[in-house]
Amino acid sequence: MNIDKALGYLSDKADEAEIYFIKGNSEKIEVEGKDIRLTSAGYSRGYGIRVLKNFHLGFYYTTELSEEALNKSLDIAEVARRDENFCLPSEKNYPEVKGTYDKRIEELEIDEAKEYLSSMLHQAEDYQVRVTTAAISWGYSTTEIYNTHGVEVRSTDTDIFAYLSTVAGDIDESSTGSYYDTSRKLNLDFEDIGREASSLAKKSLHPEEIETGNYTIALKPIAVAELIGYALIPSFNADNVQRQRSILSGKKDEKLFGNLGIIDDGTLEAGLLSSRMDDEGKATEKKVLVDKGVLKEFLYDCYTAKKEGRESNGSASRGSYSSLPKVGASNFILSCKESSTIDAELVINGLIGAHTSNSITGDFSVEVSNAYLKDKPVKKAIISGNVFELIKNISAFGKDKKQFSKVVSPSIEFENIRVVG
Amino acid sequence: MGLNPGGFMEDIMEDILSLKARFIDVCYHKVKSTTISMKDGKASEITSGLNSGVGIRILNKSWGFAYTNDMGKLKDAALKALKGSEVGNRKISIGEVDTIQDNVELRANRDFSKVTLDDRLELLKEAEEAARCAEEVVSTSLSYGEAQVESLYMNSEAANIKSKLSRGVLYSQVFVKSDGKLQVGMERLGGTGGFEIFNEAGVSSRQATEKALRLLNAKAAPSGSFIVVLDPHLTGVFIHEALGHAVEADHVIQGESIVSDKLGKVIGSELVTVYDDPTLEGSFGFYFYDNEGVRAEKTILLGNGVLKNFIHSRETASALDSIPTGNARAQGYNHPPVPRMSNTYMKSGDLSFDEMISDIKSGVYLLGSKGGEVDPARGVFQFSAEEGFIIKNGEIMESVRDVALSGETLKILKSIDAVDKQFDISGGYCGKAGQVVPVGDGGPSIRTYSSVGGTA
């Protein structure tokens, strides 16, 4: 059964219906030690069928579009509880989003990827560190969304990811370093990834204890992304705000974020989360969430928007064709007046355990990795505090802006942060 | 309907197995799932679906792995795997195991296929009412998930294993508010079998509320080095994160483990004995055979402080001159198997909890886990407790919140100086190498010395 026919079938039996379709290839090449251990190649596709019947929602996913699958989605709508805020969008105008597809990635062959891999591994040799694991993975996918309100939109995306993890030293004393980068285009600097991972391991040998106390710290972009991703982004989700699960509930127009600006931009050129449409077919937007420290806006999908009688701002996202769309951030961009230099005494490259942060209160307590006190490696340290307080303590904002997962940020310096040695 | 009617799948897989290679295995996986999300008492989001696909692994000069959920593209996938197996230049061998032909199904008291959607909704309604046991409750989220998994494993050594089991999990999340303060309590219930997994759903959701209420009155925790007592959940998380990942043999081979040269050596206090056991019936990490067709078995990891075994796939066992332990696991057809834990737990001791804390002048008692992470090569871990209490002069005092524990695995293992007689295992998901698999972890309450990071 094709999508047109399926939508026709559903429109007779339901008030509103949507078919989400994704298909794609993904490839990977993995190294263990010095050699390639495994290559992986996959093709998969799937459909998510969403129907509304008198505001009762039904959802069924499948790899094969059939009358049976459509009926199953309708059956679920019979038993699910009614919620008048359910709705599907109508949309005609989509923004032009650049840099999200690169033909060279779609056509990338293993032999070429092998060369990129070698250029990463060579750096490890130059730095005399051992490679533990390394990988390059890349993928190409097409997403299509159709609904009975006339939505008919399609997007073709590519991405590539490279990773290197190394160990310096010997069995008696060793240190680790890892680095990764992701891009929508075939423009990753593989040598640089190799250099970062190798130099971090090497620089971390012979660490020293750190005294417990308050320090001025700098978080590198990967560390910022981890902390912000888990401790801050959930507070902007309108579903959390409406259900009183966000500390930002009822605080619009309050100055809560010092001098920080935050923009969530689904249209960002070459952004890792960029697309012309969100995952329910609404046009994506550039949304100013925080302007000079003042809270201005939250992230809405159609459901949470309808609850407040407003429009969605294109923030629906789904993990895969097998799940319902939910509110999610796209490219979450931090901005502030840039400083000429960052000279924090404690520089932190990575965090361990950021996912254990309290997403409601913003409290966090995380272990640092590849951290340096006045350029000397630190053995172990916990930094703890509250992300909303942390932001008020920004004392310098770097120029090395970079995107890791959703967050676009440079290195950031914070004053007076509790460090437990 | 059983797996692959008429042996259709088996015929296709036989074809793939006849390709010329050192070793080939093929795994067909079919998962039927249902999820229900009940927000504030309303089960308005129900999803269901079916996904099936095939993963092919071919060994020559490297592993070539390929997968698809489009049966029309299986042949292409097989050829890609074959091509991929020639890309490397590595001497990979795999450990010998019994070649098994078997057809197994996990017994269920109430088979999921005989339970209606209304039965499931009724269960959630009761659990939600149980969670609304206090006026401070402002919001509840119950999230129910079940998966009925059928698989067929075949390899070029003539293994042929059909397996069928179901797994269920219920997350209760309760938000409470008082004096402008907001807190959340979480509880998880999970297991393998049938709908009977959820018999205690109401007890579980109510515990989430009780936890949230305690947190409302909890103070920010202190920071520093303390005598800490971990409850069975946290003991389990510590064992899983800090020791379990370090004994996964791929980490050992990659030089990413602090215990790589410690086999047969003392690495913990003599009170510490640890097992990995996928055969515990009903447990979340249960399975019959691993994803290489190796029979699941109980493995001793640490015996009275001495490191006894690593956790192996066939490949890692061969590389380290050891025996496969039945721990090669994959998330699904779309991932190659890697060494993973199943249910990992510490053996209980003789003390009562009161005896264990009686001589603690000043310490912290930590309960429940919000998750953790470990850097296995450095042997440094971090995990967060859901709640804690101050211990003063042998007694449990005021409660504290947002407290993390971190330290060096080997130091902590050696500092364990008391183990009580409780025992509990809880289920959860573990992520590694981009794959998530169900696991269980647990043990008794233990006493040790560690860094604690609070927000006070």
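No value in this document is a laboratory result; all are computed from the given coordinates. Everything numeric here is computed off the predicted structure, so don't read it as measured data. Counting neighbours? That spans all protein chains shown, and the Cβs are built from the backbone with ideal geometry, glycine included.
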In the stretch B:6-99, the trypsin sites (Lys or Arg not before Pro) that fall in loop regions by DSSP, at most 13 other Cβ within 10 Å = B:Lys20, B:Arg22, B:Lys91
inquiry  = What distance in nm lies between label points placed 7 Å from Cα along the C-beta direction at B:Asp111 and A:Lys401?
reply    = 6.0 nm
key: 14 Å Cα-Cα reach of B:Lys262 towards aspartates and glutamates, excluding residues that sit fewer than 8 places from it in its own chain   = A:Asp172, B:Glu248
task = Would you mind giving the average projected area, over all directions, of the Cα convex hull of the stretch B:5-216 in nm² with one decimal?
result = 15.9 nm²
request  = Using per-residue counts of other Cβ atoms within 10 Å, averaged over each peptide, order A:162-171, B:178-187 from highest down.
outcome  = A:162-171, B:178-187
inquiry  = Can you compute the modelled spin-label distance between B:Phe423 and B:Ala158, with each label point 7 Å from Cα toward Cβ, in nm?
reply    = 4.0 nm
ask   = Projected onto the charge dipole of chain A (+1 at Lys/Arg Cβ, -1 at Asp/Glu Cβ, origin at the Cα centre), which of A:Thr182, A:Ile36, A:Leu260 gives the Cα projection farthest towards the positive end?
value = A:Leu260
inquiry  = Counting just the Cα atoms, what span does chain A cover along each of its three principal axes? Round to the nearest Å and put the largest first.
reply    = 70, 54, 36
task = Sort B:Val203, A:Val79, A:Val347 so that the residue with the fewest other Cβ atoms within 10 Å of its own Cβ comes first and the one with the most comes last.
result = B:Val203, A:Val79, A:Val347
request  = Take the cross-link list A:Lys220/B:Lys370; A:Lys72/B:Lys30; A:Lys34/B:Lys30; A:Lys337/B:Lys432; B:Lys39/B:Lys177 and give me the ones stretching past 28 Å between alpha-carbons.
outcome  = A:Lys34/B:Lys30; A:Lys337/B:Lys432
remark   = Once normalised by the length of chain B, the mean sequence separation of its alpha carbon contacts under 8 Å that are 6 or more apart gives a contact order in percent of 16 percent
query = To the nearest µm²/s, what D does Stokes-Einstein give for the stretch A:3-203 at 4 °C and 1.567 mPa s, using the Kirkwood radius over alpha carbon pairs as Rh?
reply = 65 µm²/s
task = Just tell me which aspartates and glutamates come within less than 19 Å, Cα to Cα, of A:Lys296; anything on the same chain fewer than 8 places away is out.
result = A:Asp239, A:Asp253, A:Glu254, A:Asp264, A:Asp265, A:Glu285, A:Glu308, A:Glu311, A:Glu389
inquiry  = Tell me the mean residue ellipticity at 222 nm calculated for chain B from its helices only (DSSP H runs of n ≥ 4, each -39500 (n - 2.57), averaged over every residue, nearest 500).
reply    = -5000 deg cm²/dmol
inquiry  = Using the Cα centre of the protein assembly as shown as the reference point, and only Cβ charges (+1 on K/R, -1 on D/E), how large is the resulting charge dipole? Debye, rounded to the nearest 20.
reply    = 820 debye
note = Shape descriptor, the stretch B:219-453: equivalent ellipsoid semi-axes (Cα gyration tensor, sqrt 5λ, whole Å, largest first) stand at 31, 17, 16
remark   = Among the stretch B:420-440, those whose backbone N falls under 11 Å of a label point 7 Å along Cα→Cβ from B:Leu263 are none
message = I'd like the per residue volume of the convex hull spanned by the Cα atoms of the protein assembly as shown, given in cubic angstrom.
response = 150 Å³
ask   = Shielding of A:376-384 by partners, i.e. mean partner chain Cβ atoms within 10 Å per residue?
value = 4
task = Ignore the peptide's own chain and count Cβ atoms of other chains within 10 Å of each Cβ in B:394-404; give me the average, rounded.
result = 2
ask   = To the nearest 0.05, how large is the calculated FRET efficiency for A:Ser249 and A:Glu125 if R₀ is 60 Å and r is the Cβ-Cβ distance?
value = 0.65
query = Relative contact order (percent) for chain A, with alpha-carbon contacts under 8 angstrom and 6 or more residues of separation?
reply = 17 percent
request  = Find me the longest stretch of chain A that has none of the exposed GluC sites (Glu not before Pro), where exposed means in a DSSP loop (not H, G, I, E or B) with at most 15 other Cβ atoms within 10 Å.
outcome  = A:346-421
inquiry  = Suppose every Lys and Arg Cβ carries +1 and every Asp and Glu Cβ carries -1, with no other charges. What dipole size does the stretch B:219-453 come out with about its Cα centre, to the nearest 20 debye?
reply    = 260 debye
query = Nearest 10 degrees, 0 to 90: what angle lies between the long axis of helix A:3-13 and the longest principal axis of chain A (Cα atoms)?
reply = 60 degrees
query = Averaged over peptide A:354-361, how many Cβ atoms belonging to another chain are found within 10 Å of each residue's Cβ?
reply = 6
inquiry  = Could you tell me how far the Cα centroid of the stretch A:73-88 sits from the Cα centroid of the stretch B:230-259, in Å?
reply    = 44 Å
inquiry  = How tilted is helix A:110-126 with respect to the longest principal axis of chain A? Cα atoms for both, answer in degrees (0 to 90, nearest 10).
reply    = 20 degrees
request  = Starting with the fewest neighbours, write out A:Met1, B:Met71, B:Met341, B:Met9 ranked by other beta-carbon atoms found within 10 Å of each beta-carbon.
outcome  = A:Met1, B:Met71, B:Met9, B:Met341
query = Of A:Gln242, A:Gln403, A:His355, whose Cα points farthest to the positive end of the dipole of the stretch A:207-421 (charges on the beta-carbon: +1 Lys, Arg; -1 Asp, Glu; origin at the Cα centre)?
reply = A:Gln242
Coil-residue GluC sites (Glu not before Pro) of the stretch B:98-158, DSSP, other Cβ within 10 Å capped at 13 = B:Glu135
request  = Work out the FRET efficiency for B:Lys42 and A:Glu308 from their Cβ-Cβ distance, taking R0 = 30 Å, and round it to the nearest 0.05.
outcome  = 0.95
task = Along Cα→Cβ, 7 Å out, is where each label goes; now give me the distance between the ones at A:Asp35 and A:Ser320 in nm to one decimal.
result = 3.2 nm
key: Of B:Lys114/B:Lys298; A:Lys202/A:Lys286; B:Lys162/B:Lys211; A:Lys251/B:Lys211; A:Lys185/A:Lys282, those spanning more than 30 Å from alpha-carbon to alpha-carbon   = B:Lys114/B:Lys298; A:Lys202/A:Lys286; B:Lys162/B:Lys211
